[in-house]
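**Q** Handing you a structure now.
The values are calculated or read from the model by the stated rules, or taken from the named source; none is laboratory data. A quick note: this is a predicted structure, and the numbers were derived from the prediction, not measured. Using ideal geometry, Cβ is built from the backbone for each residue, glycine included, and neighbour counts are taken over all protein chains shown. When the accessible area is computed, the model is the full protein with side chains, heavy atoms only, and any ligands, DNA or RNA have been set aside. Shrake-Rupley method; radii C 1.70, N 1.55, O 1.52, S 1.80 Å.
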Amino acid sequence: TSHGSASVVCGPGPGSRGSLAGGKVDVPSTFWKAVLRTAPDTACVAFILPNQNEKLAPYAAYRVSVDSLESTIGIDLFPQLPNGTARRIEADPQGFAIYGSGQWTIPEGFAAQKFIKGGLANNNIDPN
């Protein structure tokens, strides 16, 4: 797209809250999500969230480095990244930023700004 692309991977975390279907389906105590953006630059962000019925805290409370998430789950989430790029972006949970586009509509820009500032507690936004 004109705004670049993103890859999103997610899955169950370690630990169990119990099981369903007579023990055939495990209910994880956490779940995780990681996002890799490759344009206009390469950046990533990851979260480990509790699997609970109560309202969650803002997303920033669950943000972790991709390196930390990979260590927890034992999976290289973005093996296609060159090693130098992976070392640079996967270690810093604060390293995610968003760059606006002159093609954005007002609602797109507003949503991006709210997600970055409110959801991620990060001021790394250039709305253009």
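**Q** Of everything in the range 77-90 that's surrounded by 12 or more Cβ atoms within 10 Å (Cβ to Cβ) and of a type in the set (D, E, K, R), which residue is modelled with the lowest pLDDT? First the steps, then the outcome.
**A** To start, the set of residues in the range 77-90 that are surrounded by 12 or more Cβ atoms within 10 Å (Cβ to Cβ) comprises 77-78, 81, 85-86, 88-90.
From what's left, of a type in the set (D, E, K, R): 88, 90.
Values: Arg88: 81, Glu90: 84.
Of everything passing the filter in the range 77-90, Arg88 is modelled with the lowest pLDDT.
**Q** Restricting to the range 1-54, name every residue that is closer than 30 Å to Asn83 by Cβ and of a type in the set (Asp, Glu).
**A** Asp41
**Q** I've got another one for you. Which residue pairs have Cβ atoms under 6 Å apart, sit 6 or more places apart or on different chains, and have a first residue in the range 6-22 that is within 9 Å of Ala34 (Cβ to Cβ) and a second that is open to solvent by 70 Å² or more (accessible area, probe 1.4 Å) and at pLDDT 90 or above?
**A** Cys10/Lys33
**Q** Another one. Within the range 16-31, can one find any residue that is touching a Phe, Trp or Tyr at 6+ places or on another chain (Cβ under 6 Å) and either at pLDDT 85 or above or within 20 Å of Ile75 (Cα to Cα) (or both)?
**A** Kept after step one, since they are touching a Phe, Trp or Tyr at 6+ places or on another chain (Cβ under 6 Å), are these residues of the range 16-31: none.
Looking for residues that are touching a Phe, Trp or Tyr at 6+ places or on another chain (Cβ under 6 Å) and either at pLDDT 85 or above or within 20 Å of Ile75 (Cα to Cα) (or both), one finds none in the range 16-31, hence no.
**Q** Also, quick follow-up: Mind checking which residues of the range 41-60 are exposed (fewer than 12 other Cβ atoms within 10 Å of the Cβ) and within 24 Å of Ile89 (Cα to Cα)?
**A** Asp41, Pro58
**Q** Right, here's the next one. Quick check on my filter: what residues within the range 10-34 are within 24 Å of Tyr59 (Cβ to Cβ) and either touching a Cys at 6+ places or on another chain (Cβ under 7 Å) or open to solvent by 80 Å² or more (accessible area, probe 1.4 Å) (or both)? It would help to see each step written out before you state the result.
**A** In the first step, residues of the range 10-34 are kept if they are within 24 Å of Tyr59 (Cβ to Cβ); the result is 10-17, 27-34.
Once the filter is applied, which keeps residues that are within 24 Å of Tyr59 (Cβ to Cβ) and either touching a Cys at 6+ places or on another chain (Cβ under 7 Å) or open to solvent by 80 Å² or more (accessible area, probe 1.4 Å) (or both), the range 10-34 yields Cys10, Pro12, Arg17, Phe31, Trp32, Lys33, Ala34.
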